[in-house]
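Report on the structure given below.
Nothing in this text is a laboratory measurement; each read-out follows from the coordinates by a stated rule. Predicted model, so just to flag it, every value in this text is computed and none were measured. Note that we place each Cβ from the backbone using ideal geometry, even for glycine, and neighbour counts take in every protein chain shown.
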Amino acid sequence: MLEELSLAVEGFFLPYNWNRLHQIQLEQALRTDFSIGQTFSFLFIDERIDPKQLPNTILPTLAFDWKVIKIDEAICMGQNPTALDRILAMKFAGQVVNWIHSNWQTGSLNIFTRNVCFEGMTMEV
């Protein structure tokens with residue numbers, strides 16, 4: 001499913017068991033896109049990846065300005081999520097899927113007083 005999501009947003013997919021060939025292919029594709037002025041955000045869904053090691057392990061031959069934000073369950077809902085927390089998480093996930101299937105460009109998803117919003121769209125909880 002992650003590979004399909006990557007393709008849906010015209011992104012790149014690096015499998016969890018990636019090898020040097022995957023890495024070379026990704027580096028070449030990124031070099032091409034960077035040369036025409038595109039920039040990227042990376043989403044790593046793999047607890048084995050140490051954010052401090054990203055520049056040296058995932059794409060060591062590319063000069064990136066890495067800024068890392070780790071999102072875990074505690075940040076999303078706390079250690080004891082309430083029913084409202086779970087509802088908001090589902091609404092948030094729904095908006096992520098909408099974003100993937102839309103032509104929306106760069107933006108952000110925000111939670112404001114029980115609503116999940118993107119580009120003026122609102123989903124009531």
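Each residue of the range 24-30 was assigned a 3J(HN,Hα) from its phi angle through the Karplus expression (A = 6.51, B = -1.76, C = 1.60, θ = phi - 60°), giving 4, 4, 5, 4, 5, 5, 5 Hz with x at Gly and Pro. For F92 and E4, a Förster radius of 22 Å and the Cβ-Cβ distance give a FRET efficiency of 0.65, rounded to the nearest 0.05. Note on R31 and C117: the extension gain reaches 27.6 nm, defined as 0.36 nm multiplied by sequence separation minus the Cα-Cα distance. In the distance distribution for the range 1-70, Cα-Cα pairs more than 21 Å apart total 22 percent. A cut-off of 5 Å between modelled amide H atoms, ignoring neighbours fewer than 5 places along the same chain, links V116 with M123. Each of D33, D65 has some number of other Cβ atoms within 10 Å of its Cβ, and from fewest to most they run D65, D33.
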